[in-house]
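Here's the structure, in structure tokens; my notes come after.
The values are calculated or read from the model by the stated rules, or taken from the named source; none is laboratory data. The structure displayed is predicted, hence computed values, not measured ones. Virtual Cβ from ideal backbone geometry, glycine too; neighbours counted across all protein chains shown.
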Amino acid sequence: MHRIVIVGGGAGGLELATRLGNKYRGSDRASVTLAERARTHIWKPLLHSLAAGSLDPSQHELNYLAQAHWHGFTHAYGEMTGLDRAAREILLAATHDEEGREITPARRVGYDTLVMAVGSVTNDFGTPGASRYAIPLETAEQASRFNRRLINACLHANAQEGPIRPGQLHVAIIGAGATGTELAAELHRTVRSIVAYGLDRIQPERDIRIILLEAAPRILPGLPERISEATLKLLREMGVEVRTGTRVSEVREEGILLADGTFVPAELTVWAAGVKGPDFLRELDGLETNRVNQLVVLPTLQATRDPAVFAIGDCAACPLPDGKGQVPPRAQSAHQMASHMVGQVERILEGKPLEPFVYRDFGSLVSLGEYSTVGNLMGALTGRSFFIEGWFARLMYRSLYQMHLAALHGKAPTLWRYWLSLFSQRPEPTVKLH
């Protein structure tokens, strides 16, 4: 039996494990194992909403163990710490509970085909103080931590004896890519919603400020300029303070020091300025990586130094067909790579030559919460992009999540769950208050 091991349960890894598990369930052709250090999955583009408090994680989390049971694969609980390519085994660390008691021991898991789908982590570029004082948004735990600190800051400011000091309820977001921009818009609404629940000493227009900092000349530098301009206009209409061409030299507990010497006071700082592959990839038994720790792969998604190892998603440095750059680290990239890998595995089992991965850009969308959604879609016939905004763009943005759910649960169950959610709204606060 061919042993397929997938490391990383993000969008690409979990979709791949689910599809392969469904395909080879009960078969003697292949077994599928998903190695993942977390117990539950939440779609990464939702993390900014979780951080802002506008999303209930219990309604969107998926348990890996249950998903494995339902779809015919095995969940290996633990963090990958190394690779033995000669023995074709991955090394998993022991797991422990909150009291330090061992749950699962350190162990090795054998493979015939290995797919690395470990995603990306925040790249703070070695900025002093960033790792200590800035909160990244890589995981649901980090997003929840930020939300708790935000609520606690509001409660503290409302209960203190003295006046609210300048900067006490300021939130600085470093990096105006999709995550930073979407978080800024969500926070503008949710912080005011928190204050509306009886925190009457806080005056939002006077005390609360959302500051978005970007080193590039414009926000959303990786997207078309028209999207950037439309988003900037909407953010400024909300009252979000946007500073472009601004470099951060140090992050401190009480705020941010800019390269020009300006100090920006802030109670909370979020780092959303860049991504890289996890550090352990840099020395993964001789596999080739680039300067940001991504595994360098061939067009077939195979590692350059080992044909039995593949990489998909944010952790893969995959060249574009025209040789100009590489596949961008987006959710749609991970989804397309996962779909391609399903066919690659079947070709491996049949002894057929592998096919190159061809990335297709379907456009980009940026959600500004209840205010608006902007983006561009690629025309299937013309190959050109066209700008969209408002309710249609918002519908397209929501459909991306539904596509992810359909890949995990099937189209019919996803549609059924969606319709049920429309008629099962419980009376509850519009934002998370704890």
Seminar exercise, completed: Of the residues in the range 302-311, those that are in contact (Cβ under 8 Å) with a residue 60 or more places away in the chain and either in a loop (DSSP other than H, G, I, E, B) or surrounded by fewer than 23 Cβ atoms within 10 Å (Cβ to Cβ) (or both) come to Asp306, Ala308
Exercise. Among the residues of the range 185-208, which ones are of a type outside the set (D, E, K, R) and in contact with a helix residue (DSSP H, G or I) (Cβ under 6 Å, 6 or more places away or on another chain)?
Worked result: Leu187, His188, Thr190, Ile194, Val195, Leu199, Ile202, Pro204, Ile208
Exercise. Which residue pairs have Cβ atoms closer than 6 Å, lie 6 or more positions apart in sequence or on different chains, and pair a first residue in the range 252-268 that is farther than 17 Å from Phe146 by Cα with a second residue that is in a strand (DSSP E or B) and acidic (Asp, Glu)?
Worked result: Leu257/Glu250
For this session: Considering every residue within the range 162-179, establish whether at least one is in contact with a helix residue (DSSP H, G or I) (Cβ under 9 Å, 6 or more places away or on another chain), more than 28 Å from Ser249 (Cβ to Cβ), assigned by TED's automatic domain parsing to the domain that holds Pro265 and free of Cβ contacts under 8 Å to residues at least 24 places away in the same chain.
Result: no
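Yes/no per residue for (1) farther than 21 Å from Met116 by Cα; (2) small (Gly, Ala, Ser); (3) part of a strand (DSSP E or B):
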position: Ile6; (1), (2), (3): no, no, yes
position: Glu15; (1), (2), (3): no, no, no
position: Ser27; (1), (2), (3): yes, yes, no
position: Leu46; (1), (2), (3): yes, no, no
position: Ala51; (1), (2), (3): yes, yes, no
position: Ser54; (1), (2), (3): yes, yes, no
Exercise. Val296: surrounded by fewer than 23 Cβ atoms within 10 Å (Cβ to Cβ), within 23 Å of the chain's Cα centre (by Cα) and assigned to a loop (DSSP other than H, G, I, E, B), yes or no?
Worked result: no
For this session: Pull up the range 36-85, narrow it to residues that are touching a residue at least 60 places away in the same chain (Cβ under 8 Å) and of a type in the set (D, E, K, R), then point me to the one that is surrounded by the fewest Cβ atoms within 10 Å (Cβ to Cβ).
Result: Asp84
For this session: Name every residue in the range 1-10 that is touching a residue at least 40 places away in the same chain (Cβ under 8 Å) and over 16 Å from Leu65 (Cα atoms), in order of residue number.
Result: His2, Arg3, Ile4
Problem set entry | Residue in the range 277-287 that is at pLDDT below 95 and in a strand (DSSP E or B) present | no
For this session: Go through the range 132-152 and count every residue that is in a helix (DSSP H, G or I) and either more than 26 Å from Arg247 (Cβ to Cβ) or out of contact with any Asp or Glu (no Cβ under 6 Å at 6 or more places or on another chain) (or both).
Result: 14
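Condition check ((1) at negative phi; (2) of a type in the set (A, V, I, L, M); (3) modelled with pLDDT of 70 or more; (4) surrounded by 18 or more Cβ atoms within 10 Å (Cβ to Cβ)) across all residues:
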{"position": "Cys315", "(1), (2), (3), (4)": "yes, no, yes, yes"}
{"position": "Pro329", "(1), (2), (3), (4)": "yes, no, yes, yes"}
{"position": "Ser333", "(1), (2), (3), (4)": "yes, no, yes, yes"}
{"position": "Glu355", "(1), (2), (3), (4)": "yes, no, yes, no"}
{"position": "Leu368", "(1), (2), (3), (4)": "yes, yes, yes, yes"}
{"position": "Ala380", "(1), (2), (3), (4)": "yes, yes, no, no"}
{"position": "Leu408", "(1), (2), (3), (4)": "yes, yes, yes, yes"}
{"position": "Lys411", "(1), (2), (3), (4)": "yes, no, yes, no"}
{"position": "Trp416", "(1), (2), (3), (4)": "yes, no, no, no"}
Seminar exercise, completed: (1) under 24 Å from Pro45 (Cβ atoms); (2) in contact (Cβ under 8 Å) with a residue 40 or more places away in the chain all hold for Glu229 apart from (2)
Exercise. When the range 312-344 is examined, which residues are found to be of a type in the set (Val, Ile, Thr) and assigned to a loop (DSSP other than H, G, I, E, B)?
Worked result: Ile312, Val327
For this session: Please determine, by comparing only the residues of the range 99-125 that are polar (S, T, N, Q) and touching a helix residue (DSSP H, G or I) at 6+ places or on another chain (Cβ under 9 Å), which one is farthest from Asp314 (Cα to Cα).
Result: Thr113
For this session: Starting from the range 274-295, keep only residues that are within 19 Å of Ala86 (Cα to Cα), then list their pairs with residues that are part of a loop (DSSP other than H, G, I, E, B) whose Cβ atoms are within a distance under 6 Å, requiring at least 6 positions of separation or different chains.
Result: Leu281/Asn293; Arg282/Asn293; Asp285/Arg85; Leu287/Arg305; Glu288/Thr304; Glu288/Arg305; Leu295/Leu287
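Residue by residue, here is whether (1) at pLDDT 90 or above; (2) in the same structural domain as Ala159 (by TED's automatic domain parsing); (3) more than 15 Å from Glu267 (Cβ to Cβ) holds:
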{"position": "Val191", "(1), (2), (3)": "no, yes, no"}
{"position": "Asp200", "(1), (2), (3)": "no, yes, yes"}
{"position": "Arg209", "(1), (2), (3)": "yes, yes, no"}
{"position": "Ala216", "(1), (2), (3)": "yes, yes, yes"}
{"position": "Leu220", "(1), (2), (3)": "yes, yes, yes"}
{"position": "Pro224", "(1), (2), (3)": "no, yes, yes"}
{"position": "Ile227", "(1), (2), (3)": "no, yes, yes"}
{"position": "Leu232", "(1), (2), (3)": "yes, yes, yes"}
Exercise. Would you say Thr33 is under 23 Å from Thr139 (Cβ atoms), crowded, with 17+ Cβ neighbours inside 10 Å, of a type in the set (Val, Ile, Thr) and modelled with pLDDT of 95 or more?
Worked result: yes
For this session: Hey, can you tell me all the residues within the range 181-227 that are more than 27 Å from the chain's Cα centre (by Cα) and either crowded, with 23+ Cβ neighbours inside 10 Å or within 30 Å of Ala259 (Cα to Cα) (or both)?
Result: Pro204, Glu205, Arg206, Asp207
For this session: Tell me, please, whether a residue that is out of contact with any strand residue (DSSP E or B) (no Cβ under 7 Å at 6 or more places or on another chain), closer than 30 Å to Leu187 by Cβ, assigned to a loop (DSSP other than H, G, I, E, B) and modelled with pLDDT under 90 can be found in the range 59-69.
Result: yes
